[in-house]
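Data block below; observations after.
The values are calculated or read from the model by the stated rules, or taken from the named source; none is laboratory data. A quick note: this is a predicted structure, and the numbers were derived from the prediction, not measured. Neighbour counts are summed over all protein chains in view; Cβ atoms, including those assigned to glycine, are modelled from backbone coordinates with ideal geometry. Just so you know, the surface numbers come from the protein's heavy atoms only, side chains and all, with ligands and any DNA or RNA stripped out. Shrake-Rupley method; radii C 1.70, N 1.55, O 1.52, S 1.80 Å.
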Amino acid sequence: MKVSVSPGHNINGTLILPLFEGSEAVPESLEAGLHNSLKGQINRILDDGDFKAKLKSTMSIIGGEGGKAMLVGLGKEADCDIHAYRKAGAAVIANRKKAHGTELTARFSTASIEEMGAFAEGMLLRDYSYDHYKQQDKDDEEADIDVRINCNDEQEAGLSPLIKIHAGVASGVHLSRDLGNCPPNDMYPEAFADQAWEWAKQFDNVEVTIINYAQAVKAGMGGLVAVGMGSERKPCMVIFELNRDKKGRGPMLVGKGITFDTGGISLKPGANMDEMKYDMGGSATVFGTMQALASTGYSGKVSAITCMAENMPSSNAQRPGDVIKTLSGKTIEVLNTDAEGRLVLSDGLWKAGEFDPEYIIDFATLTGACVVALGHEATGLWSNDDDFRTRIHEAGNAVDELAWPMPLLPAFEKEMTDSKIADTRNLGAGRWGGANTAAAFLKQFVPNRNYEKDGEQIPWAHMDIAGTYWGAKTNSMVGHGATGIHVRTIYHLITQG
Ligand code: BES
Ligand code: ZN
Ligand code: ZN
């Protein structure tokens, strides 16, 4: 999709007309250049009360002599914030049919620059489909959607750069979705690493380093190795660095990248196992966020680590009962090979300390228990620092991606460190509080500043996206499949939070 800003009154293609509830006629300020017959038609519809302008509703007018239009509901004017504008923009694309054509012109009566920007953002985010694996029918092929936003001269100067940023961030969200939707026969650890390597070439301020299987074994990454060794497609770690030469500390993002989670020897039941291709959603969030930052020209330092592995049962897979030694030196009693995300993250989190980051945030489709707790409506959010947790929660609210505070209690830490034979265990004592015990386990691998023995732990947050990365039917920014959640949250946190 191309979105441009154009002062003036030219209507190119289908007119997109966002309206508040209770609108009885086309607002006078929007009449310029509007064909009388189309105006009459719209006014009749509104006067008869046939379009109520409820948020996210649309009505199309096609076939009249005055051109095509789509009316878009913004809901009640008093409640209409940027989130409503974003949703209304997304609804336009969700309801657009071939007959509307690919040229659209949106025109607002009272919207601010931020509100018009949010409307464009919603259109950009929703303009996504994953059809690389379908043979295209020539007749169905369409050109890219070309959107113009009519505004006045003063607004143009503010709106144009804002839309550029939204387009860059949306490209990060779309990259995350592409990675998450990719079938697991094509998305395996090395394929992800290769894609990151190729991607980095377009930026001279981005470095990608790949720690391959042999190097991971040599370095002592026992968590990553144990999870990935049962697969023909061996595990690896991918390190992203943006503006690495900048002085001072920067954020560090860590992602769980299980390209397929069968459960390993603790095999999962068959139903819906195909969905476990999205168990690399955390790594996709990280890669997508780096794309959002790099493509919008962010000039600060940001680093990221993704822990890539395929969790397979085989004769060289790890077993329940194994004790493994992680990069941190701590040992883990593996009681269930399906609790593998925490094993690969143990090495990713510890490795993060080498970068002396300002803070660490990990993203992981970590537990079914988190989906039980929060459904598809909110990400679980844990942190060793209350203020930091609040900042992330607020960054999520600012972009309408809910991350809900969850407790990191000493009792959960105790539960995960009382193995009879190792420093930690990868399974709680029972199944209760499974998302919390997983978070408490991860905390054991968050390094202290400069790895000092009695130092303070680096501020860290854990985001369990098992429910929000996939299957979120109420997320109106996406049709189906991978959502690309939290690229926008973290972009906001890093650039404005
Ligand atoms: N990848 C799963 C978690 C998951 C479940 C993500 C459903 C998305 C949807 C994870 O590796 C896993 O299997 N976790 C186990 C942990 C248990 C064995 C302690 C779970 O949640 O059942
Ligand atoms: Zn698992
Ligand atoms: Zn998993």
Specify, per residue and in Å³, the volume enclosed by the convex hull of the alpha carbon atoms belonging to the range 51-144. 114
Mean projection of the alpha-carbon convex hull of the range 1-47 over all orientations, in nm²? 4.0
Förster radius 60 Å - calculated FRET efficiency between W432 and S29 (Cβ-Cβ, nearest 0.05): 0.55
Filter the trypsin sites (Lys or Arg not before Pro) in the range 336-440 to those in DSSP coil with at most 14 other Cβ atoms within 10 Å of their Cβ, and list the result. K420, R431
In whole Å, largest first, the alpha carbons of the range 364-414 cover along the principal axes 35, 25, 15
Using a 1.4 angstrom probe on the protein heavy atoms only, could you order W199, W382 from most to least accessible area? W199, W382
What angle do you read, to the nearest 10 degrees and between 0 and 90, between the alpha-carbon axis of helix 281-295 and the longest principal axis of the chain? 60
Could you state how much accessible area M406 has, in square angstrom rounded to the nearest 10, with a 1.4 Å probe and all protein chains kept in place? 30
At R0 = 22 Å, how high is the FRET efficiency between N448 and D245 if r is their beta carbon distance? Nearest 0.05 is fine. 0.30
Compare the peptides 246-259, 210-223 by average per-residue count of other Cβ atoms within 10 angstrom and give them in order, highest first. 246-259, 210-223
Calculate the spin-label point distance for N152 paired with V372, positioning each point 7 Å from the Cα along the beta-carbon direction, and give it in nanometres. 5.8
Quote the FRET efficiency, to the nearest 0.05, computed for L335 versus K473 with a Förster distance R0 of 51 Å and r equal to the Cβ-Cβ distance. 0.90
If I histogram all Cα-Cα distances within the range 172-303 using bins 10 Å wide from 0, what percent of pairs lands in each bin? 12, 41, 33, 12, 2
Zone residues, the range 233-252, relative to N212, backbone N less than 13 Å from point 7 Å out along Cα-to-Cβ: 234-237
If DNA, RNA and ligands are ignored and the probe is 1.4 Å, what is the ranking of S57, S346 by accessible area, most exposed first? S57, S346
Once label points are set 7 Å from the Cα along Cα→Cβ at both N12 and E65, what is their separation, rounded to one decimal in nm? 2.7
Per-residue ellipticity at 222 nm for the chain, helices alone: DSSP H runs ≥ 4 residues times -39500 (n - 2.57), over residue total, nearest 500 deg cm²/dmol? -10500 deg cm²/dmol
Give K268/K301; K39/K473; K268/K453; K134/K277 a once-over and call out the pairs whose C-alpha atoms are over 30 Å from each other. K268/K301; K39/K473; K268/K453
Charge dipole (debye, nearest 20) of the chain; +1 at Cβ of Lys and Arg, -1 at Cβ of Asp and Glu: 840
At 20 °C and a viscosity of 1.002 mPa s, what translational diffusion coefficient does Stokes-Einstein give for the chain, taking Rh as the Kirkwood radius over Cα pairs? Give it in µm²/s as a whole number. 90
Sort 62-71, 300-309 by packing, meaning the average of other beta carbons within 10 Å per residue, with the highest value first. 300-309, 62-71
The range 130-249: radius of gyration over Cα atoms, expressed as a fraction of 2.2 N^0.38 Å: 1.50
Distance-filtered residues of the range 65-104 - backbone nitrogen under 18 Å, label point 7 angstrom along K52 Cα→Cβ: 71-80, 88
If you line up the long axis of helix 487-496 against the longest principal axis of the chain, both from Cα atoms, how many degrees apart are they, to the nearest 10? 90
Between helix 153-181 and the chain: long-axis angle, C-alpha atoms, 0 to 90°, nearest 10: 40
How big is D, in µm² s⁻¹, for the range 325-420 by Stokes-Einstein at 10 °C and 1.306 mPa s if Rh is the Kirkwood radius over C-alpha pairs? 104
Using label points projected 7 Å from each Cα along Cα→Cβ, tell me how many nm separate D418 and M273, to one decimal. 3.4
